[in-house]
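**Student:** The structure follows.
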Amino acid sequence: AVEYEDGTTETFGTDDSWKSSFGPRRYSDLLIGEKYDRHYEHPGWNCAGFDETGWKNVNVAVYGFKNLIGQNAPHIRVLDEDRRYRIYTSQKGEMIIDCCQIKAGSAAMHIKGMPHACVEFDYFEEPDKEGNYYWDFDGRRSVQRDTYV
């Protein structure tokens, strides 16, 4: 709800007039990574007058509000930006970006390429003995991969 200066409040919510469509974020998971595909972007979707032809009406579900609670943790915020890294090619021909330490966070990059090209980033803590990519994350051999199309 929004409280105005005059003390009145207004609640905004969804109803069956709202529409939805799949967007470019195909999946996003803290442990396995994220896939973002620009082919599914909808430029201007957040602007007045956007043509949502082809979008589907949402299904309204009523759950009540008792299950809605605030996050019981500090807000995520940028604490530091570290621009130290080195780029090398492993013996197997893999391009590796070494951030020089184990990090938690996200990477920001500028990528140029051909339409429909796919770039994958696989994350790991340390290379094998020969300096190659090694994907045994946390002893589970699970891949953490971000994909950008």
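The values are calculated or read from the model by the stated rules, or taken from the named source; none is laboratory data. These numbers come from a predicted model, not from an experiment. Counting neighbours? That spans all protein chains shown, and the Cβs are built from the backbone with ideal geometry, glycine included. Please note that ligands, DNA and RNA were not included when accessible areas were found on the heavy atoms of the full protein model with its side chains. Shrake-Rupley method; radii C 1.70, N 1.55, O 1.52, S 1.80 Å.
**Student:** Please determine whether any residue of segment 72-82 is at pLDDT 90 or above, loosely packed, with under 10 Cβ neighbours inside 10 Å and closer than 30 Å to TRP135 by Cα.
**Tutor:** no
**Student:** Could you go through segment 64-78 and let me know if any residue there is closer than 27 Å to THR147 by Cα and either in contact (Cβ under 8 Å) with a residue 24 or more places away in the chain or not hydrophobic (A, V, I, L, M, F, W, C) (or both).
**Tutor:** Taking every residue of segment 64-78 in turn, at least one turns out to be closer than 27 Å to THR147 by Cα and either in contact (Cβ under 8 Å) with a residue 24 or more places away in the chain or not hydrophobic (A, V, I, L, M, F, W, C) (or both).
**Student:** Kindly indicate which of LYS103, LYS92, LYS112, LYS129 is at pLDDT below 85, loosely packed, with under 14 Cβ neighbours inside 10 Å and among the basic types (Lys, Arg).
**Tutor:** LYS103
**Student:** Sticking with this structure for a sec: Taking ASP122, is it touching a strand residue (DSSP E or B) at 6+ places or on another chain (Cβ under 6 Å) and modelled with pLDDT under 90?
**Tutor:** For ASP122, the condition - touching a strand residue (DSSP E or B) at 6+ places or on another chain (Cβ under 6 Å) and modelled with pLDDT under 90 - is met.
**Student:** Continuing with this model, one more query. For TYR4, work out the one condition from (1) closer than 30 Å to ASP146 by Cβ; (2) aromatic (Phe, Trp, Tyr); (3) touching a strand residue (DSSP E or B) at 6+ places or on another chain (Cβ under 8 Å) it doesn't fulfil.
**Tutor:** (1)
**Student:** Take segment 20-46 and flag every residue that is farther than 15 Å from VAL119 by Cα and open to solvent by 80 Å² or more (accessible area, probe 1.4 Å).
**Tutor:** If the condition is that a residue be farther than 15 Å from VAL119 by Cα and open to solvent by 80 Å² or more (accessible area, probe 1.4 Å), then PHE22, TYR27, LEU30, LEU31, ILE32, TYR40, PRO43, TRP45, ASN46 are the ones that fit.
**Student:** Another question, if that's okay. I'd like to verify a number: residues in segment 79-100 that are in contact (Cβ under 8 Å) with a residue 12 or more places away in the chain and out of contact with any Gly (no Cβ under 7 Å at 6 or more places or on another chain), how many?
**Tutor:** 12
**Student:** Here are the criteria: (1) of a type in the set (Asp, Glu); (2) more than 30 Å from PRO115 (Cβ to Cβ); (3) open to solvent by 100 Å² or more (accessible area, probe 1.4 Å). Tell me which single one GLU10 does not satisfy.
**Tutor:** Exception for GLU10: condition (3).
**Student:** Within segment 46-63, how many residues turn out to be aromatic (Phe, Trp, Tyr) and over 11 Å from LYS19 (Cα atoms)?
**Tutor:** So the count comes out to 2.
**Student:** State all residues of segment 132-142 that are surrounded by 14 or more Cβ atoms within 10 Å (Cβ to Cβ) and at pLDDT below 70; if no residue qualifies, say none.
**Tutor:** PHE137
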